[in-house]
Amino acid sequence: MLASLPMYALDVVRAANEAWWQGLARHLRAAGLAEVPMGLTWPAEREAHWRRSDLMFSQTCGYPLTHALAGAVRLVATPCYAAEGCEGPHYDSVVVVAEAAAYTRPADLAGRCCAVNAWDSQSGCNALADLVAPQGGSGSADGRFFAEVLKSGSHAASLALVASGRADVAAIDCVVFALLARHAPDRLQGLRTLCRTRPAPGLPYITAAATSDEDVERLRQGLRAAIADPALEAVRDDLLIDNVVVLSLADYDVIPRMAAGARAAGLRVS
């Protein structure tokens, strides 16, 4: 069986993610799950990894959950984070620009260069598209809001593109932003917050589609025990993990609605 935590896999919290898994795995075994992996897998290609039939536990983004992975995985639970922009299991994105930039509102970004971490990212792409959708295709003659969109590969890389002046704006997962503010504040130098996006349900824990109802409940039982374990308090604090709740797939419907709204407004990000 495989386990991974690829979504908040920043180098500055790699050890904390490993420690969180070790504690969580102990509680999963106590809940009655067999073949709990001893360590985490760090997949090079995440979507293929998430589709594996031997996936016991992972974390994905809400956009893949409601799009490419629809019907291909089971929703286990959604972690809550102690970060600005989070309220229970919901989170938003921090829209960042250069500290010296004159932009004061989203409309000022029309015709500018935007950095996105991935096309299927709720926080880095879909939430930003939703934010500027009311402006329509006002940035260029071909109907785009942004004149140029750069795919960076990660939120940290998007921040670097804006800080260097290569891009004008990026939307950053508020948990990533808070983790960097705590563990690597130098990576936020030269940047400022322009605004925040509309919130959406956070990044869910998932398991393989064939996982039984009984094992899904065991996963949830283990998660609840790990959240309540005093021995894991320090590592939860390092990762800003505050709680875990069980949402339904219907709770995530806001994400495809946000995408549909952007398309209806004539916005094209890529």
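The values are calculated or read from the model by the stated rules, or taken from the named source; none is laboratory data. None of the values given here were measured: they were computed from a predicted structure. All Cβ positions, glycine included, derive from the backbone under ideal geometry; neighbour counts span all protein chains shown. We work out accessible area using only protein heavy atoms, side chains counted, and drop any ligands, DNA or RNA first. Shrake-Rupley method; radii C 1.70, N 1.55, O 1.52, S 1.80 Å.
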**Message:** Quick check for you: with a 1.4 Å probe and neighbouring chains kept, what is the accessible area per residue of the chain, in Å²?
**Reply:** 42
**Message:** Within the chain, which is the longest segment that contains none of the GluC sites (Glu not before Pro) sitting in a DSSP loop with at most 16 other Cβ atoms within 10 Å?
**Reply:** 100-270
**Asked** Two-decimal Rg/Rh of segment 220-269 from alpha-carbon positions, Kirkwood Rh?
**Response** 1.27
**Prompt:** Round to a whole number: what % of the accessible area of segment 187-270 belongs to carbon and sulfur, probe 1.4 Å?
**Reply:** 49
**Request:** Just grab the label-to-label distance for R51 and V12, each label 7 Å out from Cα along the Cβ direction, in nm (one decimal).
**Result:** 3.5
**Asked** Pairing the Cα long axis of helix 174-183 with the longest principal axis of the chain, what angle in degrees results, from 0 to 90 and rounded to the nearest 10?
**Response** 80
**Message:** What FRET efficiency comes out for E217 versus A44 if R0 is 25 angstrom and r is the Cβ-Cβ distance? Round to the nearest 0.05.
**Reply:** 0.20
**Fill in**
Using the Kirkwood formula on alpha carbons, the hydrodynamic radius of segment 77-224 in angstrom works out to 16.3
**Asked** Taking the alpha-carbon centroid of each part, what is the distance from segment 1-36 to segment 41-75 in angstrom?
**Response** 15
**Mean projection area, nm², convex hull over Cα of the chain** = 13.2
**Principal axis dimensions, segment 161-270 - Cα atoms, whole angstrom, descending** = 49, 39, 20
**Request:** Would you mind listing how long segment 25-143 runs along its three principal axes, going by Cα atoms, in whole Å with the largest first?
**Result:** 57, 32, 22
